[in-house]
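One structure is given below, encoded as structure tokens.
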Amino acid sequence: MTEPLVRATGVTKSFGHNKVLNGVDFEVRAGEVSCIIGPSGSGKSTFLRCINALETADAGGLEVAGSQVGYSLEGGSYRPWRDRDFAKFRAGIGMVFQRFNLYAHLDAAENVATSLVNVAKMDKVAARRRALEELDRVGLAAHAAKRPHQLSGGQQQRVAIARALAMDPTLMLFDEPTSALDPELVEEVLESMKALALGGMTMVVVTHEIGFAREVGDTLSFFDAGTIIESGAPDRVLSDASSPRTRAFLDKVL
Ligand code: ADP
Ligand code: MG
């Protein structure tokens with residue numbers, strides 16, 4: 001068995017008095033697709049943001065791609081982790097949000113190329129070539145010169161996926177990537193994600209698309225009030241959830 005790419009043990013996080021993560025245990029191995037479901041406000045987004053160090057956990061262990069995320073021991077006390085490899089760590093984790101967060105004034109190819117130039121320090125010609133390849137991978141080669149407002153929501157989200165993939169991530173995090181889309185646009189985004197999964201990408205996907213979780217997920221975890229109360233093979237969790245809270249949630253979304 002390979003080492004997990006993400007290993008969380010007892011991760012906690014509060015915002016003021018609001019304890020949002022209350023002891024999260026979670027693992028994903030290289031090449032696995034791990035889906036996360038659960039009610040709004042249960043801490044799913046916060047947990048994803050801890051994985052790529054957009055948030056710092058208060059306590060617990062969080063190891064991501066060989067780095068201890070969250071804390072490092074400095075001068076005898078733990079400090080938020082910010083070592084010199086931080087930028088490299090961050091660049092190795094792609095994140096796709098519910099809102100696509102594209103740059104409105106840039107076309108699709110420029111949206112994909114911009115991090116390659118600014119973060120990966122690629123020269124502009126190479127970055128553009130790479131951007132066009134990534135857009136092709138998500139079926140958008142013909143739309144490279146369009147700005148976000150000229151693209152559908154589904155196309156914009158696929159640009160966001162291409163932009164993340166261009167950085168050659170070892171891990172992709174998806175936070176409800178289809179929740180802001182009109183229903184008829186959901187499938188094209190899920191198809192791009194499925195192709196990525198089949199290509200062997202390690203993915204953590206927060207989603208309410210149960211069909212996707214069942215078909216593509218290796219594991220399905222159910223978040224409730226800041227902890228994972230159920231986790232396992234998607235078919236098992238969906239058909240035979242042991243917790244009444246999981247059952248109640250599934251009865252609503254299925
Ligand atoms: P989910 O993604 O499951 O809907 P979130 O992780 O977004 O849940 O939020 C969990 C809780 O944390 C919510 O009560 C939310 O208001 C709170 N929260 C999230 N981010 C912040 C923040 N930056 N500051 C304060 N509270 C936050
Ligand atoms: Mg969320």
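The values are calculated or read from the model by the stated rules, or taken from the named source; none is laboratory data. Quick caveat, the model's predicted, so the values are computed rather than measured. Glycine gets a Cβ as well: all are built from the backbone with ideal geometry, and neighbour counts include every protein chain shown. The accessibility values were calculated without ligands, DNA or RNA, using every heavy atom of the protein model including side chains. Shrake-Rupley method; radii C 1.70, N 1.55, O 1.52, S 1.80 Å.
Summary of values
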| item | result |
| --- | --- |
| Stretchable slack from Asp235 to Thr2, in nm (0.36 nm times residue separation minus alpha-carbon distance) | 81.5 nm |
| Within straight-line cross-link reach of Lys121, lysines at Cα separation under 20 Å, skipping those fewer than 8 residues along the same chain | Lys88 |
| Cα centre as origin, Lys/Arg/Asp/Glu Cβ charges: the stretch 4-251 dipole, Debye | 820 |
| Computed helical MRE - 222 nm, the chain, DSSP H runs ≥ 4 contributing -39500 (n - 2.57), nearest 500 | -10500 deg cm²/dmol |
| Whole-Hz couplings from phi, Karplus 6.51/-1.76/1.60, listed for the stretch 207-213; x for Gly and Pro | 7, 9, 7, 5, x, 5, 4 |
| Theoretical gain in end-to-end length, Val253 to Ala225 [0.36 nm per residue, Cα-Cα removed] | 8.3 nm |
| In sequence order, calculated HN-Hα J values of the stretch 55-65 (Karplus, 6.51, -1.76, 1.60; Hz; x Gly/Pro) | 10, 10, 5, 7, 7, x, x, 9, 10, 10, 6 |
| Three-way shape call for the stretch 4-251 based on the alpha-carbon gyration tensor, with the a/c threshold at 1.5 | oblate |
| Accessible area of the stretch 124-254 belonging to carbon and sulfur atoms, whole % at 1.4 Å probe | 49 |
| Under 16 Å from Lys19, Cα to Cα: lysines that are on another chain or at least 8 residues apart | Lys44 |
| Lys, Arg +1 and Asp, Glu -1 on Cβ, resulting dipole of the stretch 141-222 about Cα centre, debye, nearest 20 | 340 |
| Solvent-accessible area per residue for the stretch 158-237 (1.4 angstrom probe, square angstrom) | 34 |
